[in-house]
Amino acid sequence: MAFNFNWSPLTADADFYSRTQDLLTAALNKSPKPPIIVDDIIVNELNLGSVPPELEILEIGDLAEDRFRGIFKMCYSGDAFLTLKTRVQANPLNTYLFSKPSFTSPQPLAASSGLTIPLQITLSEFKLSAFIIVVFSRQKGLTLVFRNDPLESLKVSSTFDSIPFVRDYLQNEIEKQLRTLMMDELPAIIHRLSLRLWCPEYKAREDQEAAQSAKSESNEEEETPIDPFASPPQDAVDARGNVLDASEISSLSLDGGSEIHSLFSQKNLLRLGALTDSHRTLSLFTPSIRDAVFRAWASPAERGESATISTPSTPSLSRTQSNLGNTGGTTYTFDTASESSHSSRPSLVSFQSARAGLSLGSGNHSRSHVGRKKKTRVVNLRRDKTIDDMSSVSGDSETSEAACASEPAISTQIPEEPEDNIITPPRSPSGKVRFRTGSDEDTPRRLRSLTASRNAEPPLRPAFNLEAKINSEAASPPTGSAARDNTSSTRSSMRPQRPQRPTYTSSTFSPYPAEKVSTPSTPTPYTPHATAETSGSILEQAWVLKMAGEIARRAHDEKSSRASFWANTSQDGREDSPPPAYEPAPQIAR
Amino acid sequence: MLEFMDYVQHAFYNASGWNHENSYSHLTATARALLEFETPRGVRLNISSLSSPNFATSYALGSVGLVDGSLSYLYTSLPLTTPASSGQLDLHNVIRGYRQIQELVKPDEDWMWEEWQDGKRIDRRNTLLYGRLYLPQSTLEALYLRRLSPTQQLKLSAVSDSRLRNGGTILALHQYDVGKYNTETLYSTDGGLVGIRGLYNFGPDPRNGVIIPPRTEDRFYGRFSAGAEMYYGALNKSGGISFGGRFATLPAHKGTPLTATLTLNPLMGNLSTTYAVKAGKNLSFCSKFDFNVYSYESDLILGCELWRMKKKVQKVQERSMAAKLAWRLDEVVAPLKDEPEEIAGVLKARVDQDWKFGLLWESRIKELLFSLGSTVDMKRRNQPLRALGLEVQYSS
């Protein structure tokens, strides 16, 4: 693997130097100046030289065509130089007195009178050595942060070289100033430059949005919702790991399937909402979602794609997908079973145990290589349930034990033991669950009949509500884990809203669909808002905040110049994908 | 307006017979008072007290954006009898304006300070101790002032602040004043700064006897003084030098009092002239012109000072009870003819070549001294008022 960094083309741009000089001038005059400098510092000349810095790649966190994240070690000892013009106070006594308390000042009468002299300083022979974090994305531009103080040494030559005191003073002050410049201002400058270079459509989008808001809102509504099924993943899999073909995926749609909406439980969504809020507002309260990996620190681009793949403990995404896939192939028979479970207990139990035993066999099997955390969860559930099952269900010992993890049977006990009920809520709608496990060869026709039947059966809904209520009231450990599993799953399942759903790639599924299906009582709409909110890693957020002001300032003049630009960019369909990181910036700007 | 502690310190100088204005650093005192007065910023409140002749306390509370304050205590071994109540003290002593140069006074002989008892000397040297703590900056100021002899004085001032390099600085200043001339040597721990200043007064030597002013009215009667200063920072190898001269009329001068100074800084090519004139009894004008022969930069400041007087309100005397009982009128008491006018307030104004104005109104209301000031920058059309401040002092 090789990277090609072009050093000289930067300088080929005629505008580059003048722009950089302006930015540097503004940056140099922002921070309070030392007393010896009595006028604005003006960057007179800037040359990056011909010797490029040496970059050593330490780590690459993310790499794609339009984005890059990595850590470099940079060494530079090139021939760049910088000439500054300013006016300085030539009387050392004057600057000596400047920062001293007046109480102990010798109070000279006229010996401290000032003499300001125009000064030209040339900074050359930069020796830099730094660890740099580079984050590049086509939409966010280039962010460059120094991990340490980059400045090793530099040579300051000025008109005062013959006076040792002044020379030393200048050297010290300029080094100090340059350090702050490198650490604070340079990243901002580079970011702004990069935005100009690569991100014209950002400004364009800003303009576009402004124009849109001016228009009727109906247009916006058409565009804003993002259909996760718009661009199906390359290799979608169902719960069994079977590859779904395109026709099956296309049969799934947001609008058509009520069961898709019902995949998310409102309670869990609330909890997730609290979680994201806590990230955004720096609130110290974090809702406890066990077995969940917080990916708030990952960049939004990463989140959607790598979350499920990299972390075995968040099976959620794949689960939803598997659920979806299964809905395509569920059998009607199981649905009846679930109904029967609600109505008549004894018969249900036996029936379930048989069926579930079969299905669980496969479920356990697949679960075994899913991940460690899942196993622990299973253990918890089993322990509680076995007791309940044994007590409540008389005859079927072994099969029910084996099946307990995904048992719907417990739902029948709701009135009797609240704790058990807590566990059950995920399972109760069990009809779905079982279909999935048992039915691989079902046809879409059956699915249709299933949905129809489900709609037709009123008793299910109230039961769900009751369960949800119990769930919230009782806080027994098993419930918690189950609920949390759900939350984590729903949480990650919210992410697939991004057009590229990577989640289908993970093939591990089947044991848990039960929980998934059971949870929801109210359909949760897909909102583009959610994706927009995943604003990015902490690093980037900090930069966003810092630069929001700058961008706001520049936004205005940019708009006018970019007006023609975005007319072009709006055609290339980029606006389909929401700008993840810089969404908050324009809001702040306004 | 002088802070209370400075006022007490000046009272100590006066009580111990020290002419603190006979110094090179006070050569341009008049111009500084008229042109470089400080306008208060924010709101400040000072409550002070000379609770005993030897002890004074002062508390200050200020608000410039955030609230800060200071506590200060002063002890002097020399009992001070000057009026300290803000309702009674003379505003001329608190508000620095046109400084009238006084005739030189012959300093005390050493033997005058000697006190003997039972064959032993019991006299002590007068000392002033002063400390001030600024909150919340946690800056501590300390001053030790000691009259070594009738012609010598030692002044040690120190500032302790964690933000300063080495945690603080100490300035030692030794002053030697015989009237005819004055020398000062100083050392500052900050940068190892060593300095020497000297002032020489031309004219008759006060040590030779009382100076009798001439009776002529047609020519200036004043005093010419010349001095120089030199500093060298041992640690940072830097230095400074300046020369200065001043002509000022003395109180015996019959015409318009005036003061003119010229200071030169040969190293930096700086030349500064000031001219102050007391145009009327309550009105003074001053101008200052700076020029740098190397950079051709120049600066001009004009200022004036107007004292507003008011007649003392005549007290309406009630008919006394004795007179009422006797069925007669009170005897008419002839009012004192030369009752002095009361100062209503002082207005100071300055303007420089950049059209920056400074305005200050200092006055007394009842028992409170207050100064109200502002700086106005006419170059900034949109926001000319730069700062507005009010300072209130109360002392007892």
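When you check B:T28 against the structure, is it closer than 30 Å to B:V376 by Cα and within 14 Å of another protein chain (Cβ to nearest Cβ), yes or no? The answer is yes for B:T28.
Across region B:122-139, which residue is least open to solvent (accessible area, probe 1.4 Å) among those that are touching an Asp or Glu at 6+ places or on another chain (Cβ under 6 Å) and at pLDDT below 90?
That would be B:D123.
If I ask for residues that are among the basic types (K, R) and either in contact (Cβ under 8 Å) with a residue 40 or more places away in the chain or open to solvent by less than 50 Å² (accessible area, probe 1.4 Å) (or both), which ones from region B:241-278 would you list?
Taking region B:241-278 as the starting set, the residues that turn out to be among the basic types (K, R) are B:246, B:254, B:278.
B:R246, B:K278, listed by residue number.
Any residue in region B:204-225 that is in contact with a helix residue (DSSP H, G or I) (Cβ under 9 Å, 6 or more places away or on another chain) and assigned to a strand (DSSP E or B)?
yes
Among residues of region A:113-127 being open to solvent by 20 Å² or more (accessible area, probe 1.4 Å) and more than 54 Å from the chain's Cα centre (by Cα), the one that is farthest from the other protein chains (Cβ to nearest Cβ) is A:G114. Restricting attention to region A:74-107, the residues that are part of a helix (DSSP H, G or I) and either polar (S, T, N, Q) or under 51 Å from the mean Cα position of the chain (by Cα) (or both) add up to 5. Within the group B:K281, B:K311, which residue is more than 29 Å from B:G191 (Cα to Cα), open to solvent by 90 Å² or more (accessible area, probe 1.4 Å) and under 24 Å from the mean Cα position of the chain (by Cα)? The unique qualifying residue is B:K281.
Among the residues of region B:140-152, is any more than 29 Å from B:S225 (Cβ to Cβ) and buried (at least 19 other Cβ atoms within 10 Å of the Cβ)? Quick ask: steps written out before the conclusion?
Taking region B:140-152 and keeping what is more than 29 Å from B:S225 (Cβ to Cβ), we get B:140-142.
Next cut, buried (at least 19 other Cβ atoms within 10 Å of the Cβ) only: B:141.
Yes.
Of the residues screened, B:Y296 is one that is open to solvent by 20 Å² or more (accessible area, probe 1.4 Å) and either modelled with pLDDT under 90 or outside any strand (DSSP E or B) (or both). Filtering region B:181-234 to residues that are hydroxyl-bearing (S, T, Y) and in contact (Cβ under 8 Å) with a residue 60 or more places away in the chain leaves only B:S225. In the set (1) open to solvent by 50 Å² or more (accessible area, probe 1.4 Å); (2) touching a Lys or Arg at 6+ places or on another chain (Cβ under 9 Å), B:L104 fails one condition alone, (1).
Scanning region B:226-238 for residues that are open to solvent by less than 40 Å² (accessible area, probe 1.4 Å) and more than 7 Å from chain A (Cβ to nearest Cβ) yields B:A226, B:G227, B:A228. Restricting attention to region B:161-176 and to residues that are part of a strand (DSSP E or B) and more than 10 Å from every other protein chain (Cβ to nearest Cβ), the residue that is least open to solvent (accessible area, probe 1.4 Å) turns out to be B:Q175. Under the condition of being closer than 14 Å to B:Q88 by Cα and in a strand (DSSP E or B), the residues counted in region B:371-396 number 3.
The residues of region A:51-71 that are surrounded by 16 or more Cβ atoms within 10 Å (Cβ to Cβ) and under 23 Å from the mean Cα position of the chain (by Cα), listed by number, are A:D62, A:R67, A:F68, A:R69, A:G70, A:I71. Looking only at region B:50-81, which residues are under 23 Å from B:R146 (Cβ atoms) and outside any loop (DSSP other than H, G, I, E, B)? Correct list: B:L50, B:S51, B:S52, B:F55, B:A56, B:T57, B:S58, B:S72, B:Y73, B:L74, B:Y75, B:T76. Applying the set (1) within 14 Å of chain B (Cβ to nearest Cβ); (2) open to solvent by less than 20 Å² (accessible area, probe 1.4 Å) to A:S162 leaves exactly one unmet item: (2).
Would you confirm whether or not region B:280-291 contains a residue that is under 30 Å from A:P164 (Cβ atoms), among the basic types (K, R) and within 14 Å of chain A (Cβ to nearest Cβ)? Taking every residue of region B:280-291 in turn, none turns out to be under 30 Å from A:P164 (Cβ atoms), among the basic types (K, R) and within 14 Å of chain A (Cβ to nearest Cβ). Scanning region B:19-48 for residues that are surrounded by fewer than 17 Cβ atoms within 10 Å (Cβ to Cβ) and farther than 30 Å from B:R223 by Cβ yields a total of 3.
When you scan region B:199-224, how many residues do you find that are closer than 22 Å to B:Q175 by Cα, open to solvent by 50 Å² or more (accessible area, probe 1.4 Å) and of a type in the set (S, T, N, Q)?
Start the filter on region B:199-224 by keeping residues that are closer than 22 Å to B:Q175 by Cα, which leaves B:199-208, B:223-224.
From what's left, open to solvent by 50 Å² or more (accessible area, probe 1.4 Å): B:200, B:202, B:204, B:207-208, B:224.
Then keep just the ones that are of a type in the set (S, T, N, Q); that gives B:208.
Of the residues in region B:199-224, 1 are closer than 22 Å to B:Q175 by Cα, open to solvent by 50 Å² or more (accessible area, probe 1.4 Å) and of a type in the set (S, T, N, Q).
The set of residues from region A:91-112 being facing chain B (nearest Cβ under 7 Å) and surrounded by 22 or more Cβ atoms within 10 Å (Cβ to Cβ) comprises A:N91, A:P92, A:L93, A:Y96, A:T104, A:P106, A:P108, A:L109, A:A110, A:A111, A:S112. Restricting region B:181-198 to residues that are assigned to a loop (DSSP other than H, G, I, E, B) and open to solvent by less than 20 Å² (accessible area, probe 1.4 Å), the residue that is farthest from the other protein chains (Cβ to nearest Cβ) is B:G192. For B:Y13, the conditions (1) among the aromatic types (F, W, Y); (2) surrounded by 21 or more Cβ atoms within 10 Å (Cβ to Cβ); (3) in a helix (DSSP H, G or I) are fulfilled apart from (2). Of all the criteria given as (1) touching a strand residue (DSSP E or B) at 6+ places or on another chain (Cβ under 9 Å); (2) not in a loop (DSSP other than H, G, I, E, B), the one not satisfied by B:G97 is (2).
The values are calculated or read from the model by the stated rules, or taken from the named source; none is laboratory data. On a predicted model such as this, the values are computed, not experimentally measured, just so you know. Every residue, glycine among them, receives a Cβ derived from its backbone with ideal geometry; neighbour counts consider all protein chains shown. Please note that ligands, DNA and RNA were not included when accessible areas were found on the heavy atoms of the full protein model with its side chains. Shrake-Rupley method; radii C 1.70, N 1.55, O 1.52, S 1.80 Å.
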